[in-house]
Structure formats: C-alpha cells, structure tokens
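Just below is one structure, and these are the notes that go with it.
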C-alpha cells in the first residue's frame, strides 16, 4: 500500500511548493517507496487533524500518522532498513541534523525574502488572507517591507549560500559520492523558490548550480519535472 503524503499546494493542485514536503518527497524516492501525494492547503487543517497539529508534511504509513520532516526521515530509515539509507551511519545523521538547522537558520529567511511576494500571488484564494496575516504577525512587518529591494535580497541569498561553494566544488553531493538527506534539505529550498518565482537565484558557473542540476535529475528527473519555473 502506498504511503500517503499531505503536500502543500498553491492555486493549482500540481504546483507543490513546501520545502519541508520537498525534503520528504525526495526521501521517499530515495527509498524507492510508493507514495500518494495529496494536495493540501494552509486552511485545510481538518484534513490532517489526525496528526495532532496543523502543518505538513504529514504521512500515513502502516497505521501510523507522522509529521515533521526530520521525524519522518528517521522513521523511513528505521521502518525500511533494507532500502537505500538516507543517513550513512550515526555520525552522518548527526552532521545532517546540524546541516538541517543551518539551512533553517541561515538560508530559509533569505530564500523567503526573495520569493515572498511571488509566493502570495501563487496561493489558492482561500489561503491568501491566512498567509498574509500569519506571516506579517510572525515577521512584525508587512510582506512588502520584508521583501524590500529585490536586488539586495538576491545578493543576500547568494552570500548566505557561500559556505556551500567550496564543498560542492570538490564533491558531487553534500552527502559525498552519492546523494543523501543533506542534499534533499538544500534542494527543497530551491524547489520552493522554483515552484513559485521566475527569479534566477544562481549565476552561471556557480558550483551550487551544477550540484542542483545533478540532484534535480535524480529519480528520473522527479524534481526537474515538477511544475515550476526554469532553474
């Protein structure tokens, strides 16, 4: 039986943009597991009430309901140890946990700043008021004030990505010779942006760009074939 995954959608059912969901969608394909992706929107809290909270990703598998991308990734390796592992041992898992927090604390906001106004425009009408009010409350300012100058926001993001460049100039993947969950953590941010915004995030010749191409081509080009703008 396929694993059910509730996956955040924009106005179009097939425009899926949640970075946390993208982490798990790539992880499920890494494991070679069958998945049913169910479109979900911010205001559809009742659909995931069984998880006891109000955000995606949420999966249902073998009679269990789980949420939170890190919890789900760990579950997938524990429940399906005979399939390709997301973490190559405890040391790799610990380092990946550090990388997860670095992505969330150092990259997520710069990405959000670049795409926030495009994101709002792409939302389903029933989600727009909720999104604006909840995010402006969290940010303490309007979405427009947060977005600021587009050129400055893009420069900030490119600067925040700088620690990755020497790594990806030497290694094909963040996880080493083969891809792992660390790669999906980073790709998820780029897929978030690509689903919603036509802004070109990387310059030609950037080693991060070459890495992104490799990861987008995994699993028969699953990420590349998703609805979105050219990378």
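Only the coordinates and a few stated rules stand behind these numbers; no lab work does. These numbers come from a predicted model, not from an experiment. Positions of Cβ are generated from backbone atoms using ideal geometry, with glycine treated the same way; all protein chains shown enter the neighbour counts.
Put in line by how crowded their Cβ is, counting other Cβ atoms within 10 Å and starting with the fewest, 229, 173 read 229, 173.
Extension gain for the segment residue 231 to residue 204, taken as residue separation times 0.36 nm less the Cα-Cα distance, is 8.6 nm to one decimal. The residues 37, 104, 144, 90, when put in order of fewest to most other Cβ atoms within 10 Å, stand as 90, 144, 104, 37. Stokes-Einstein, applied to the Kirkwood radius of the range 1-91 over Cα pairs at a viscosity of 1.567 mPa s and 4 °C, places its translational diffusion at 97 µm² s⁻¹. Report the paramagnetic label zone for residue 165: residues of the range 187-208 whose backbone N is under 14 Å from a point 7 Å from Cα along the Cα-to-Cβ axis. Label zone hits: 202-208. Estimated at 0.36 nm per residue, the fully extended path between residue 154 and residue 105 surpasses their Cα-Cα distance by 15.9 nm. So what's the convex hull volume per residue for the Cα atoms of the range 96-231, in Å³? Here the figure is 116 Å³ per residue. Modelled label positions at residue 82 and residue 177, each set 7 Å beyond Cα in the direction of Cβ, lie 2.6 nm from each other. Annotation for the range 21-56 versus the range 163-204: alpha-carbon center distance of 22 Å.
In percent, rounded to a whole number, the relative contact order of the range 1-79 is 36, using alpha-carbon pairs under 8 Å and six or more apart.
Only beta bridges with both residues in the range 3-79 are counted; by DSSP, about 55 percent of them are antiparallel. According to the calculation over all Cα-Cα pairs in the range 32-137, the P(r) per 10 Å bin from zero is 11, 32, 36, 19, 2 %.
Were the residues from residue 117 through residue 217 laid out at 0.36 nm apart, the gain over their Cα-Cα distance would be 33.2 nm. Applying 1/(1 + (r/R0)^6) with r as the Cβ-Cβ distance of residue 142 and residue 45 and R0 = 25 angstrom yields a FRET efficiency of 0.50.
For a modelled paramagnetic label at residue 126, 7 Å from Cα along Cα-to-Cβ, the residues of the range 36-64 in reach, with backbone nitrogen under 15 Å, are 39-49.
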